[in-house]
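Trainee: Before I ask anything, here is the structure I am working with.
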Amino acid sequence: MVGGACDEELFTWNGPVYTPEEYEQMLTDQRVAREHEQKSWFEQTVTANPVTTRVLVEFTPESVPFRDPVTGEFDEFNSQTSLSRRRRRDDRWLPRWGGVHYLWSTPEWDWAAATLGPALDDAVHQLQHALHPGEPVER
C-alpha cells in the first residue's frame, strides 16, 4: 500500500553473509564438484580412457595478402589458419601473429603456421610433410 506503514522485518536479512572472496570461492568449489561428478559419470558410463582424435585442418588460402614473386616469401590466410614462409635467416624470423603458432626451418626457408581451431601438436609434422616432403626440419 502506497504511503502506508511497513513492517521493519520486511527489510531484515537473516541469511548468511559472505565476503566477495568467500562467495567466489564457494562458486568455484561448487563448479569443481559439479565437474568432478560429471567427469566421474562419463568415466563410469562411457570410458575412463583418454578420448583423442586427429582433426583435419585446412590450410588452403582464402587470401595471400603478402607474396614476393622474386623471393617466394608469402603470408596466406583463411578463416581458421595462417601460413607464412620467409627466406632462412640466422636471427630466426618470428611472425607478428598473436596466439599459438608453430615455427620450423628447412635448409632454404623459415616457416610459421597457426590455427584458430584445434592445436596442431603432432599434426604439424603432417603439415610439414605436405609442404616440403623429405626436407630436413629444425626447431
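Trainee: I need the full set of residues from the range 114-131 which are modelled with pLDDT under 85 and either β-branched (Val, Ile, Thr) or in a loop (DSSP other than H, G, I, E, B) (or both), in order please.
Mentor: If the condition is that a residue be modelled with pLDDT under 85 and either β-branched (Val, Ile, Thr) or in a loop (DSSP other than H, G, I, E, B) (or both), then Gly117, Pro118, Ala119, Leu120, Asp121, Asp122, Val124 are the ones that fit.
Trainee: Exactly one of (1) within 16 Å of the chain's Cα centre (by Cα); (2) more than 30 Å from Lys39 (Cα to Cα) is unmet by His125. Its number?
Mentor: With respect to (1) within 16 Å of the chain's Cα centre (by Cα); (2) more than 30 Å from Lys39 (Cα to Cα), His125 is out only on (1).
Trainee: Among the residues that make up the range 82-92, is at least one of them surrounded by fewer than 17 Cβ atoms within 10 Å (Cβ to Cβ) and polar (S, T, N, Q)?
Mentor: There is no residue in the range 82-92 that is surrounded by fewer than 17 Cβ atoms within 10 Å (Cβ to Cβ) and polar (S, T, N, Q).
Trainee: Mind listing just one residue for me: the one in the range 17-36 that is of a type in the set (D, E, K, R) and surrounded by 10 or more Cβ atoms within 10 Å (Cβ to Cβ) and, of those, farthest from Ala114 (Cα to Cα)?
Mentor: Going through the qualifying residues, I end up with Glu22.
Trainee: Can you find, within the range 49-79, the residue that is farthest from Trp109 (Cα to Cα) among those that are exposed (fewer than 11 other Cβ atoms within 10 Å of the Cβ) and of a type in the set (Gly, Ala, Ser)?
Mentor: Going through the qualifying residues, I end up with Ser79.
Residue by residue, here is whether (1) assigned by TED's automatic domain parsing to the domain that holds Val124; (2) closer than 27 Å to Leu116 by Cβ holds:
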{"site": "Lys39", "(1), (2)": "no, yes"}
{"site": "Val70", "(1), (2)": "yes, no"}
{"site": "Phe74", "(1), (2)": "yes, yes"}
{"site": "Phe77", "(1), (2)": "yes, yes"}
{"site": "Gln80", "(1), (2)": "yes, yes"}
{"site": "Arg86", "(1), (2)": "yes, yes"}
{"site": "Asp91", "(1), (2)": "yes, no"}
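Trainee: While we're looking at this one, here's another question. Is it the case, given these coordinates, that Trp41 is aromatic (Phe, Trp, Tyr) and loosely packed, with under 10 Cβ neighbours inside 10 Å?
Mentor: So Trp41 fails the test.
Trainee: Can you say whether Glu108 is acidic (Asp, Glu) and in contact with a Ser or Thr (Cβ under 9 Å, 6 or more places away or on another chain), as far as the supplied structure shows?
Mentor: Here the answer is no, as Glu108 does not meet what is asked.
Trainee: Please find, among Trp111, Trp97, the residue that is touching a Lys or Arg at 6+ places or on another chain (Cβ under 7 Å), surrounded by 11 or more Cβ atoms within 10 Å (Cβ to Cβ), aromatic (Phe, Trp, Tyr) and not in a helix (DSSP H, G or I).
Mentor: Every option except Trp111 fails the conditions.
The values are calculated or read from the model by the stated rules, or taken from the named source; none is laboratory data. Remember, it's a predicted structure, so these values are computed and weren't measured experimentally. In this analysis, Cβ positions are derived from the backbone assuming ideal geometry, glycine residues included, and neighbour counts consider all displayed protein chains.
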